[in-house]
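The structure appears below as structure tokens.
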Amino acid sequence: MNSPMKKAVTLAQVAKHAGVALMTASRSLSGEGYVAEETKARVLAAAAELGYAPNMQARAMKSGRTNVIGVVVNDLASPLINAYIAELSAEVRRYQMDLFIYNAVDDLTSANGRRLDQLLNGLWDGLIFVLPRMSDEYLAMLEQSERPVVLMHYCKHKTSVPVINGDNFNGARDATQHLIDLGHRRIAFIHGSAYTGQSAEREQGYRAALEDAGIAFDPALVEQGDFSERSGTEATERLLALATRPTAIFSANDEMGFGCMLALQRAGLSVPADMSLVGFDDVPVASIVQPRMTTLRHPIVDMAKAAVQELLRRIKNQPGRRQRVEFPSEFVVRESSAPPPATSARRPAGRTRKTV
């Protein structure tokens, strides 16, 4: 026999349990109006103890807002996406709001526009989309929506929707310049998915550094990947099959870089003695693998703060910032990059550099 469903805890019960007036409990939980910190802490403790969950529909009917921010992603398995979610969650909670995570799984397009319409009209005050692989149809629907929306980690097209990004072009140029300064001249690049703009910007930075150094671009040294570890392994195997193989590989993300390491290990080659390696993103594993990976790091904390603040401005109908805000990347030098065999190192140069 099924047990009866437990009734939801009411705000009045929380107020009674905390020994405060109903209005005080409401202000403590909504963050609106002044409440002494000690009193607020008592109310929050009472709410947690009783298992109180606010009724978002009632909250929206009363104030026109739910104090809930939605975050839409399409790859919960990605360490980078999870890093964005963690920092967005921390920032949303600083404003005493709740976070709702929606996993889109695939690229929502006009073929399932009804799903996107339902998402945009859900019980949240605004949405942050962390969708690097967003389709053109999906972007067009967001541009036509009147709901407050902010994009993160999106580079494929210019858009009227506000975008918070890290600097891919200059970061990639710094990474390539680092390898050039070490003495490398045959530097390979492994491209990520063609469906995102990040990889294209990173290839542009790679090519710009080669041009600045007077090194001719060799299309044979550019391999296509899809940001997965497997594709990094396969791309590296193709590079090793070249008549004159590269002495360094710059992969458009760390996960493909891990695949590069695996392929080199299978081939009996050592990193960095036989082949230098640079990644991008600085996911947590990059500082654990052996050798630790030289890579680039986007300031995810600053980007999350900017995204939430921009969304809140739009929720409150306040003037927004520029349509595209780009944060500089940080170059993190570790053990996976070194001079090529039988080549002495020259003095390194770069824009933003950190050795850890």
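Overview of values
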item: Hits in the range 232-263 (condition: free of Cβ contacts under 8 Å to residues at least 40 places away in the same chain and polar (S, T, N, Q)); result: Thr233
item: In the range 125-146, residue surrounded by the most Cβ atoms within 10 Å (Cβ to Cβ) [restricted to those that are over 18 Å from the mean Cα position of the chain (by Cα) and assigned to a loop (DSSP other than H, G, I, E, B)]; result: Asp125
item: Among residues of the range 171-191, those that are of a type outside the set (A, V, I, L, M, F, W, C), crowded, with 21+ Cβ neighbours inside 10 Å and either touching a Gly at 6+ places or on another chain (Cβ under 6 Å) or not in a loop (DSSP other than H, G, I, E, B) (or both), counted; result: 7
item: Subset of the range 133-176 that is more than 29 Å from Gly257 (Cα to Cα) and hydrophobic (A, V, I, L, M, F, W, C) - its residue that is modelled with the highest pLDDT; result: Val150
item: Search result, residues across the range 317-353 that are modelled with pLDDT of 85 or more and within 30 Å of Asp125 (Cα to Cα); result: Val325, Glu326, Phe327, Pro328
item: Verdict on Val332 being hydrophobic (A, V, I, L, M, F, W, C), assigned to a loop (DSSP other than H, G, I, E, B), under 16 Å from Phe250 (Cβ atoms) and touching a residue at least 12 places away in the same chain (Cβ under 8 Å); result: no
item: For Gly197: the one exception among (1) over 16 Å from the mean Cα position of the chain (by Cα); (2) assigned by TED's automatic domain parsing to the domain that holds Phe280; result: (1)
item: Residue in the range 330-340 that is out of contact with any Cys (no Cβ under 7 Å at 6 or more places or on another chain), within 20 Å of Ala83 (Cα to Cα) and not hydrophobic (A, V, I, L, M, F, W, C) present; result: yes
item: Residue that is out of contact with any helix residue (DSSP H, G or I) (no Cβ under 7 Å at 6 or more places or on another chain), farther than 30 Å from Ile69 by Cα and of a type outside the set (D, E, K, R), where the choices are Ala213, Ala273; result: Ala273
item: Selected residue [among the aliphatic types (A, V, I, L, M) and farther than 27 Å from Asn74 by Cα] from Ala194, Ala209; result: Ala209
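The values are calculated or read from the model by the stated rules, or taken from the named source; none is laboratory data. Because the structure is predicted, anything quoted here is derived from the model rather than measured. Cβ coordinates were reconstructed from backbone atoms using ideal geometry, including for glycine residues, and neighbour counts include every protein chain displayed.
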